[in-house]
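A short reminder: the numbers here are calculations on the coordinates, not readings from a lab. On a predicted model such as this, the values are computed, not experimentally measured, just so you know. A quick note on method: Cβ atoms are made from the backbone with ideal geometry, for glycine too, and the neighbour counts reach across all protein chains shown.
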Amino acid sequence: MKKQILSEEFTRMQKLAGIITETKTNISEGFNIDDYYDEDTEEVDLNAAFKNAPAVASYKDVLDIIESYEDESVLDDFKSEFPEGKDISKDDYSDFAINLIDDMSEVGYIQANWISIFDDTVFEKAGLI
């Protein structure tokens, strides 16, 4: 009897996890970088796109961004601040990344890096390459 209850609870947790995963997927599928195209500048409005980008990304996706910096001390700081395998919020990523830059002119790259998790055309569409 106790074994059956544990099995049912495990199954229930798996279903909940599936619902959570499905919800995250649906949120990111609804994000389209082209919705933030500014006809005046003929580029994507990074501020608006970042504000409306999905609020959570996988640890692996954010780790890929941090590894692209090719700086071991930054990578070490990232790994000590964020638990491996745990999803990372956009706000936590932003707070971490802001501390890496020297001036605010690089904020667009921080925003574009986050958005690139969901749409890898952002750099071109925002005029960053």
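Brief remarks on what is shown
- D (Stokes-Einstein, µm²/s), Kirkwood Cα radius, segment 33-125, 0.692 mPa s at 37 °C: 239 µm²/s
- Packing-based ranking, highest mean first, of 56-64, 68-76, 40-48 given that Cβ atoms within 10 Å are counted: 56-64, 40-48, 68-76
- Lysine pairs within segment 23-129, Cα separation less than 21 Å, 8 or more sequence positions apart or different chains: 11
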